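Here's the structure we're looking at; comments come further down.
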């Protein structure tokens, strides 16, 4: 798996070159921006069935990789499929409240109590997948306090929560409420960069 990810890491500049500059952080949350964000979060509170497609880059400071991602969220169940753009090799992470399974590794599928524990055991990566489920929608995850900064469009530009800095360089305003098209999460040495090509709500 790690050797495959090191191979994929060579393709990371393709994703990084496609990423637009981050929008400027205009304010730390005036009353209007915070009220608008609260409305967005209420509107998205029941959004638990969706599929996104895009390009994902992940790094733990040593190993990294990029690929084409399909993420399907079906209530409490999820499925991530990551495909290498050149080799076509794919990795699949799926699960829910009863546990998680990771396919595509040398030696066969691996199982764990949840996605975070499985990623930590199999790859040594600390990736907050449960929080990412909220952050990818541009909303605060439940639990730890969060600080939100906004761009001049009054949409979140930077969300800081649980030690992670999540920035939103671009949004799709054709959806109501608007949805992010780029989500960059950073907690050194870990980095997650997601460029979303399409959203499908179902």
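Every number here is computed from the coordinates shown, using simple stated rules; none is lab data. Just so you know, these numbers come straight off a predicted model, no measurement behind them.
Looking at segment 63-104, the pairs of alpha carbons with a distance over 16 Å make up 40% of the total.
Determine, at each q value in 0.13, 0.15, 0.17, 0.24 (inverse angstroms), the log₁₀ of I(q)/I(0) that the Debye formula gives when each Cα of segment 70-156 is one equal point scatterer. Calculated log10 I(q)/I(0) at the listed q: -0.52, -0.67, -0.80, -1.24.
Projected over all directions and averaged, the alpha-carbon convex hull of segment 137-202 occupies 5.0 nm².
Computed from Cα positions, the angle between helix 31-44 and the longest principal axis of the chain comes to roughly 50 degrees.
Note on the chain: Rg/Rh from Cα positions, Kirkwood definition for Rh, rounded to two decimals, is 0.95. Across the chain, the mean sequence separation of Cα contacts (distance under 8 Å, 6 or more residues apart), normalised by length, yields a relative contact order of 24 percent. At what distance in angstrom do the alpha carbon centres of segment 127-202 and segment 33-52 lie from each other? Answer, in whole Å: 11.
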